[in-house]
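S.K.: This is the structure I have questions about; it appears just below.
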Amino acid sequence: MSPKISAKSVDLTFSTNDGPVDALKDVNLDINEGDFVSFIGPSGCGKTTFLRVLADLERPTGGTVEINGVSPKIARESRAYGYVFQAPGLYPWRSIGKNIKLPLEIIGLSKHEQSERVKRVLKLVDLQDFENKFPWQLSGGMQQRASIARALAFDADILLMDEPFGALDEIVRDHLNEQLLDLWKTTSKTICFVTHSIPEAVYLSTKIVVMSPRPGRIIDFIESTLPNERPLDIRDSSEFISISQRVREGLRSGHSYE
Amino acid sequence: MRSVVSICVVVGALIFVWYLAAVSLNSTWALDKAKRAGLELGTKELILDTWSQEKPKLPAPHQVASELWKTTVEKKITSKRSLIFHSWITLSSTLVGFLIGTSLGILLAIGIVHNNAMNMSVMPWAIASQTIPILAIAPMIIVVLNSIGVQGLLPKAIISSYLCFFPVVVGMVKGLRSPDKIDTDLLHTYNATNAQKFWKLRLPTSMPFLFASLKVGISASLVGAIVGELPTGAVRGLGARLLAGSYYGQTIQIWSALIMAAMVAAALVGILALLQKVMLKRMGMT
Amino acid sequence: MNLVFGALIFWVSAWILNAKLADSALADTRAIKLLVPVIFGFTIIGVWELLVRGLSVPLVILPPPSLVIETASQNLEILWKDLVQTFIKGAFRGYVLGCLSAIFVGILLERFEFLRLGLMPVASFMAALPIVGTAPILVMWFGFGWQSKAAVVVVMVFFPMLINTVAGLRESSQIQNDLMRTYAANNWQAFLKLRLPAAMPFIFNGLKISTTLALIGAIVAEFFGSPTVGMGFRISTSVGRLALDMVWAEIVVAAVAGSLFYGIIVIIEKGITFWHPSQRG
């Protein structure tokens, strides 16, 4: 089976006022269909940049990236993925329902199909009663759930998520993590998930990519041994703790604290 | 760097369009004149004629420039034909009015933020005043003050002052209320007096708002002084030059007065902008 | 002298009433918030009336409000004709034309980076200038009728409107723009669904500033030549005849027309930009 997403010796150098910065250096990675992959590392390690390269929001300066066997640009144009940003990024002048319809309008689906899908994805994220509310009438956690619904609405089988729960408090975050796992199991999507929380990465993922800054690179690749069925208290198990330790050691070795 | 290039290109293009417009607006007159004289005009003569008429519909840029040069550099500044003399007449009432208007405006703003009754009574009117054309009172002020024997600088300064008064009040009230809750709470825990809160917190945080409204205010003051020169048929000042030019069809004179007014306005706003930059930088607010 | 004394008493008692109302427990209610400025307004008018009568101020300096109201009610037809000439024909048409063309140019500038870089500094320079000064030129070009007034208004509202439109169209955030890119939205879709709605608060800010400018432009342009009708014409000729009651009547009409115009724009703004933090209330 050919990988869903494949990156071969990807480099990305930004030119800044202080000279060139290596955001990504020789990144090699294969992601299979149905994987839940977390990218973890300190800020500046290139995890968000890598996600943006997959989404064709940045162009790599070297190497090749293929999504479904084609370039990121073609993948984007065929709407192969849904993207969830750090902030909800909902348009304040549109109701929740209309926000979810936004990509559907752009793709050009029929009105009937649009409302069908809105109903379906709102149910997935448990926001059925909020279709006609405006984003600013909702709490931060609900807004982020709405933005996930928006990314699910056009049925792409890849979901790219850039620290979607970073700004939320721990209780809300736990709840959303549980919901996200449910969603992943029922929809069997391929998910790339950027985070800087070790428990979040270990709890969610089938594979964990540990990254390190200057230059941004992969320093460890961990296949999770946790079962697919994961109640919240799995985080107290010894298996969970040992994977967490491996991630932490990886982060420590890559971080020089200069 | 790139923006400097594009500004030059755009300004160049505007001057080019100006010359073209001069040709098209002035050609009727040039052709009429030639017809009456029984002359046939070639394209080149026609174009040159449209750029050198005495009372053109639209004077060409170089005509305005040379008029400006003649009336500023080549005339003594005490001469009644010196544009610098006229600018000074207008500028002096602008500045006096601006000074009166802003001082009163700041005082009222301080009253409004410290007195609830004043806030609720006056503030809605100060805001409403920005939606009505208060400039329309200008002719009346001039004539009324004239009838009780007050002439010259003062009536125009009064118009300037009330035009800049309201923007300063509204801007300054906003500024004096702009400190964050966390900052006012801090001073509250120190049991600071109202005066201390004002000097140490409210006034410094209001500075960006103050400068923004000062820039609006000085432009309004200048407009007030110019319009204040219209109703009495004043003979001195930039407004008077505009009016006299429009009576006698002296378009070149109108345009040079207009450009002069633009330069005065730009200089005034520029000085305030510079002051703002220096001041806010010293206060660490930029 | 009694009237002067009466004015003083009236002022003090109205102020005490307002101070009490402002510090009362009900100060935050809508009714009180409306009542207090209204009381203040009536106080000014009352004090004005009493002082003018008590000190026998000559009519040519300051007419009492009662006389202004009387003059206005006797000259309703003239005031209406002046309003139509200056406000509807001159100010409003110029306002619509000026604002629409500025929004159009703003959209164009947003598409062409080079033009924007060059034109915007020029535009902000122009916006700070005393543009009413172009009135004599435009009156010369377009004649004494409403057309020249509309032209002055177009020039006056154009630059503030342009600056606001361009600023507004650049208001959308990085995430919102990236989102459009991940949907592979074309330029037209991104404009219609993101940049234009995001620009609306700024566009309405420009539209609000422009209402006042439009009325000022139309009135002042009439000082440089007009037919024998119009608010600016009436003000300048009445001032010449020292008929100050008529001048004040025109000023009242101008104030009411100006605030109504502004108020209508505010109502439309509330309907369209209800989502903006400044409107949520």
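The values are calculated or read from the model by the stated rules, or taken from the named source; none is laboratory data. Just so we're clear, the structure is a prediction, and the values are computed from it rather than from any experiment. Ideal geometry is used to build each Cβ from the backbone, glycine not excepted, and the neighbour counts take in all protein chains shown.
S.K.: Would you confirm whether any residue within segment B:273-286 is in contact with a helix residue (DSSP H, G or I) (Cβ under 9 Å, 6 or more places away or on another chain), touching a residue at least 60 places away in the same chain (Cβ under 8 Å) and not in a helix (DSSP H, G or I)?
M.R.: yes
S.K.: Further, regarding this structure: Can you name the number of the only condition in (1) outside any strand (DSSP E or B); (2) within 10 Å of chain C (Cβ to nearest Cβ); (3) touching a residue at least 12 places away in the same chain (Cβ under 8 Å) that A:Pro60 fails?
M.R.: The single condition A:Pro60 does not satisfy is (2).
S.K.: In this structure, is B:Thr102 without any contact (Cβ under 8 Å) to a residue 40 or more places away in the chain, β-branched (Val, Ile, Thr) and surrounded by 13 or more Cβ atoms within 10 Å (Cβ to Cβ)? Please lay out each step first, then the result.
M.R.: Working: without any contact (Cβ under 8 Å) to a residue 40 or more places away in the chain: no; β-branched (Val, Ile, Thr): yes; surrounded by 13 or more Cβ atoms within 10 Å (Cβ to Cβ): yes.
When the stated conditions are applied, B:Thr102 does not pass them.
S.K.: Regarding C:Ala135, is this residue part of a helix (DSSP H, G or I), closer than 21 Å to C:Leu207 by Cβ and assigned by TED's automatic domain parsing to the domain that holds C:Gln85? Steps first, answer last, please.
M.R.: Values: part of a helix (DSSP H, G or I): yes; closer than 21 Å to C:Leu207 by Cβ: no; assigned by TED's automatic domain parsing to the domain that holds C:Gln85: yes.
No.
S.K.: Would you list the helices (runs of 4 or more DSSP H) that sit entirely within segment C:59-132 and hold 1 or more residues that are hydroxyl-bearing (Ser, Thr, Tyr)? If you could, list the steps in order and put the result at the bottom.
M.R.: Values: elements: C:65-74, C:76-83, C:93-111, C:113-127.
By residue number, C:65-74, C:93-111, C:113-127.
S.K.: Would you point out which residue out of B:Ala22, B:Ala60, B:Ala30 is under 30 Å from B:Met260 (Cβ atoms), touching an Asp or Glu at 6+ places or on another chain (Cβ under 7 Å), surrounded by 18 or more Cβ atoms within 10 Å (Cβ to Cβ) and not hydroxyl-bearing (Ser, Thr, Tyr)? Don't jump to the end; show me each part of the working.
M.R.: Numbers: B:Ala22 fails: touching an Asp or Glu at 6+ places or on another chain (Cβ under 7 Å); B:Ala60 fails: touching an Asp or Glu at 6+ places or on another chain (Cβ under 7 Å).
That would be B:Ala30, the only listed residue that is under 30 Å from B:Met260 (Cβ atoms), touching an Asp or Glu at 6+ places or on another chain (Cβ under 7 Å), surrounded by 18 or more Cβ atoms within 10 Å (Cβ to Cβ) and not hydroxyl-bearing (Ser, Thr, Tyr).
S.K.: Can you name the residue in segment C:238-251 that is in a helix (DSSP H, G or I) and facing another protein chain (nearest Cβ under 10 Å) and, of all such residues, is nearest to the chain's Cα centre (by Cα)?
M.R.: Going through segment C:238-251, the residues in a helix (DSSP H, G or I) turn out to be C:238-240, C:244-251.
Checking the rest, the ones that are also facing another protein chain (nearest Cβ under 10 Å) come to C:238-240, C:244, C:247-248, C:250-251.
On the way: C:Ser238: 23, C:Val239: 23, C:Gly240: 26, C:Leu244: 23, C:Val247: 19, C:Trp248: 18, C:Glu250: 16, C:Ile251: 13 Å.
Only one residue fits best here, namely C:Ile251.
S.K.: Kindly check whether there is at least one residue in segment C:111-128 that is out of contact with any Lys or Arg (no Cβ under 7 Å at 6 or more places or on another chain), away from chain B (no Cβ under 11 Å) and surrounded by fewer than 24 Cβ atoms within 10 Å (Cβ to Cβ).
M.R.: So in segment C:111-128, the residues out of contact with any Lys or Arg (no Cβ under 7 Å at 6 or more places or on another chain) come out as C:111-116, C:118-128.
Right, trim to away from chain B (no Cβ under 11 Å) and you get C:111.
Subsequent filtering for residues that are surrounded by fewer than 24 Cβ atoms within 10 Å (Cβ to Cβ) retains C:111.
Yes, because at least one residue in segment C:111-128 is out of contact with any Lys or Arg (no Cβ under 7 Å at 6 or more places or on another chain), away from chain B (no Cβ under 11 Å) and surrounded by fewer than 24 Cβ atoms within 10 Å (Cβ to Cβ).
S.K.: Provide a single number: the residues in segment C:269-281 that are loosely packed, with under 12 Cβ neighbours inside 10 Å and within 17 Å of C:Ile209 (Cβ to Cβ).
M.R.: 1
S.K.: Turning to a different aspect of this structure: For B:Ser206, work out the one condition from (1) touching a Leu at 6+ places or on another chain (Cβ under 7 Å); (2) under 23 Å from B:Ser92 (Cβ atoms) it doesn't fulfil.
M.R.: (2)
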